[in-house]
Amino acid sequence: MKVYYDKEVDALYLKLGDEFPEGVIEMAEGVNLDTTSEDKIVGIEILQASKKINLKTIFSYTLELDENLLTKKIA
């Protein structure tokens, strides 16, 4: 995941994959999901981000992984 923030326009973008988005689903005013043609979510855009979330939580985080997910074989 890559995180982009544009302070001038107060927009946050979470890039979740390398696929090119082909569609957008508006979840709420100023909150959009970028999707592929197969409805796979590849990005999240949040406009007026500082009013909707605490930006400090985005830029400082911890990652917790379930060990079973790391060893699970996917068909």
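The values are calculated or read from the model by the stated rules, or taken from the named source; none is laboratory data. Bear in mind that the values here come from a model prediction, so they are computed numbers and not experimental data. No Cβ is skipped: glycine too gets one built from the backbone with ideal geometry, and neighbour counts run over all protein chains shown.
Matching residues to (1) within 12 Å of the chain's Cα centre (by Cα); (2) modelled with pLDDT of 90 or more; (3) within 28 Å of Tyr5 (Cβ to Cβ):
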site: Ile44; (1), (2), (3): yes, yes, yes
site: Gln48; (1), (2), (3): no, yes, yes
site: Ser60; (1), (2), (3): no, no, yes
site: Asp66; (1), (2), (3): no, no, no
site: Leu70; (1), (2), (3): no, no, no
site: Ile74; (1), (2), (3): no, no, no
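When segment 1-34 is filtered for residues that are assigned to a loop (DSSP other than H, G, I, E, B), surrounded by 12 or more Cβ atoms within 10 Å (Cβ to Cβ) and among the acidic types (Asp, Glu), the ones remaining, listed by number, are Asp10, Glu19, Glu22. Of all residues in segment 27-55, those that are without any contact (Cβ under 8 Å) to a residue 24 or more places away in the chain and of a type in the set (Lys, Arg) have Cβ atoms under 8 Å from Cβ atoms of residues that are assigned to a strand (DSSP E or B) and surrounded by 12 or more Cβ atoms within 10 Å (Cβ to Cβ), 6 or more apart or on another chain, in Lys52/Val31; Lys52/Ile46.
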